[in-house]
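Before anything else, here's the structure in question.
The values are calculated or read from the model by the stated rules, or taken from the named source; none is laboratory data. Since this is a predicted model, take the numbers as computed values, not measurements. Don't worry about glycine lacking a Cβ; one is built from the backbone with ideal geometry, like all the others, and counts go over all protein chains shown.
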Amino acid sequence: MTTEQLIRILITTTLVEMMAAIGMGVRLEDLSRIGRSPGLVIRAAIANYVGVPLVTVGLLLWLGPAPMISAGFLIVAVCPGAAYGPPFTSIARGNVATAVGLMVILAASSTICAPLLLRFLLPLMTESRTVRVDLLRMVVMLLLSQLLPLFTGLSVRHYRPALADRLEHPADMVSTALNLCVLGLIVVIRFPMLAAIRLAAFMGMLALVAASIGTGWLLGEAGSENRKAMTITTSVRNVAVALVIATASFPATPAVTAVLVYGLFQTLLMAAVALLWGRLWTLANSAGSEAVHVQGR
């Protein structure tokens, strides 16, 4: 077995386990609550399947990276529904139930939407006949590795809640361990590529994260905690799915490195944004409480 085959198997296993763990942690009430807000779902779809990909295309046209680097960023751009969305929303004092619902809906819909968008965007942006994806193969792969485990986890939570309660924490721990293994293995194998990344590339990634934040904010509900959920859910892309696509379609190429580096960068940056947002919320509430206390004297 080659290292590339090992990486692919490990990444796919991680995605399957992670989606099952996510499903076991989500109650159908969260999804039904989102289902009663079709406007929110439509705006989330526009933000994640139109807004972020368009911003990414614009940045790639401006920066002009190599075709495989472009492919990596396009893959990330069309893969929403990251597991970090709800915990980051909680840290930012946003609506966690909304973030959970959006995460599940976006992760499920990306099984179809991501391959379709890549089939259109990759030839358009890379101008290379070799940078292509097998649409049917990718859809089947995501159905089996993403959608089926997610629905399995949801079914366990709905029909066997006691079993889901027992399995949820161990499943989360296994998911974390697998993600760390994937990260460590790719960093070791791809270290020369990682070391060659220049400052301009990080500035481009910063611009993409900032634009994703802006897209989610603009399409969120003004004056609502759902706005934080929309902003964070839109800004944190699903790197696990992106890595599965990249390693299956473009193994041992800079596309995989681009996905990994952006995933690390966006996760660290959005964690900092969530912490700052939560801190500002706490300070604002404390100031409001003090003002009410003074007026009551």
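Residue-by-condition table, conditions (1) in a helix (DSSP H, G or I); (2) without any contact (Cβ under 8 Å) to a residue 40 or more places away in the chain; (3) in contact with a Leu (Cβ under 7 Å, 6 or more places away or on another chain):
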| residue | (1), (2), (3) |
| --- | --- |
| LEU40 | yes, no, no |
| ILE46 | yes, no, yes |
| THR56 | yes, no, yes |
| CYS79 | no, no, no |
| ALA99 | yes, no, no |
| ILE105 | yes, no, no |
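State yes or no: is LEU28 out of contact with any Ser or Thr (no Cβ under 7 Å at 6 or more places or on another chain), hydrophobic (A, V, I, L, M, F, W, C) and touching a residue at least 12 places away in the same chain (Cβ under 8 Å)?
Here the answer is yes, as LEU28 does meet what is asked.
Please find, within segment 31-85, the residue that is nearest to ILE213 (Cα to Cα) out of those that are surrounded by fewer than 21 Cβ atoms within 10 Å (Cβ to Cβ) and of a type in the set (S, T, N, Q).
SER37
Scan segment 216-251 for residues that are over 27 Å from MET18 (Cα atoms) and modelled with pLDDT of 90 or more and jot them down.
Scanning segment 216-251 gives TRP217, LEU218, LEU219.
Here's another thing I want to ask about it. Among VAL209, VAL187, VAL259, VAL239, which is the only one that is over 16 Å from VAL52 (Cα atoms), in contact with a Leu (Cβ under 9 Å, 6 or more places away or on another chain) and among the aliphatic types (A, V, I, L, M)?
On inspection, the qualifying residue turns out to be VAL187.
Within segment 133-146, take every residue that is in contact with a helix residue (DSSP H, G or I) (Cβ under 6 Å, 6 or more places away or on another chain) and free of Cβ contacts under 8 Å to residues at least 40 places away in the same chain and give me the one that is nearest to THR13 (Cα to Cα).
If we take residues in segment 133-146 being in contact with a helix residue (DSSP H, G or I) (Cβ under 6 Å, 6 or more places away or on another chain) and free of Cβ contacts under 8 Å to residues at least 40 places away in the same chain, then LEU143 is nearest to THR13 (Cα to Cα).
Which ones in segment 136-155 are of a type in the set (Gly, Ala, Ser) and over 15 Å from THR247 (Cβ atoms)?
Listed by number, the residues that qualify are GLY153, SER155.
List pairs: first in segment 1-21 and over 17 Å from LEU180 (Cβ atoms), second among the small types (Gly, Ala, Ser), Cβ under 8 Å, 6+ apart or cross-chain?
GLU4/ALA252; ARG8/ALA248; MET19/ALA107; MET19/SER145; MET19/GLY153; ALA20/GLY153; ALA20/ALA171
Kindly check whether there is at least one residue in segment 143-155 that is of a type in the set (A, V, I, L, M), in contact with a Gly (Cβ under 6 Å, 6 or more places away or on another chain), on the phi < 0 side of the Ramachandran plot and assigned to a helix (DSSP H, G or I).
Looking for residues that are of a type in the set (A, V, I, L, M), in contact with a Gly (Cβ under 6 Å, 6 or more places away or on another chain), on the phi < 0 side of the Ramachandran plot and assigned to a helix (DSSP H, G or I), one finds at least one in segment 143-155, hence yes.
Results for (1) outside any helix (DSSP H, G or I); (2) polar (S, T, N, Q); (3) within 19 Å of VAL78 (Cα to Cα), shown as yes or no for each residue.
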| residue | (1), (2), (3) |
| --- | --- |
| GLY184 | no, no, no |
| VAL188 | no, no, no |
| ALA200 | no, no, no |
| GLY204 | no, no, yes |
| THR234 | no, yes, yes |
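Does ALA83 count as assigned to a loop (DSSP other than H, G, I, E, B), under 16 Å from the mean Cα position of the chain (by Cα) and among the aliphatic types (A, V, I, L, M)?
For ALA83, the condition - assigned to a loop (DSSP other than H, G, I, E, B), under 16 Å from the mean Cα position of the chain (by Cα) and among the aliphatic types (A, V, I, L, M) - is met.
Going by what's in this entry, would ALA258 be described as over 12 Å from the mean Cα position of the chain (by Cα), crowded, with 23+ Cβ neighbours inside 10 Å and within 30 Å of MET141 (Cα to Cα)?
yes
Here is a further query. Go through the residues of segment 110-128 one by one and say whether even a single one is at pLDDT 90 or above, touching a Phe, Trp or Tyr at 6+ places or on another chain (Cβ under 8 Å) and part of a helix (DSSP H, G or I).
Yes, segment 110-128 contains a residue that is at pLDDT 90 or above, touching a Phe, Trp or Tyr at 6+ places or on another chain (Cβ under 8 Å) and part of a helix (DSSP H, G or I).
Those residues that are of a type in the set (A, V, I, L, M) and either touching a Lys or Arg at 6+ places or on another chain (Cβ under 6 Å) or more than 19 Å from ILE9 (Cα to Cα) (or both), I need them from segment 174-196; list them, please.
Selection gives MET193, LEU194, ALA195, ALA196.
Follow-up question, since we're still on this one. Please enumerate the residues belonging to segment 202-225 that are surrounded by fewer than 19 Cβ atoms within 10 Å (Cβ to Cβ) and hydroxyl-bearing (Ser, Thr, Tyr).
Listed by number, the list holds a single entry, SER224.
Next question. When segment 86-99 is examined, which residues are found to be surrounded by fewer than 24 Cβ atoms within 10 Å (Cβ to Cβ) and closer than 18 Å to ARG43 by Cβ?
ASN95, ALA97 - these are the residues of segment 86-99 that are surrounded by fewer than 24 Cβ atoms within 10 Å (Cβ to Cβ) and closer than 18 Å to ARG43 by Cβ.
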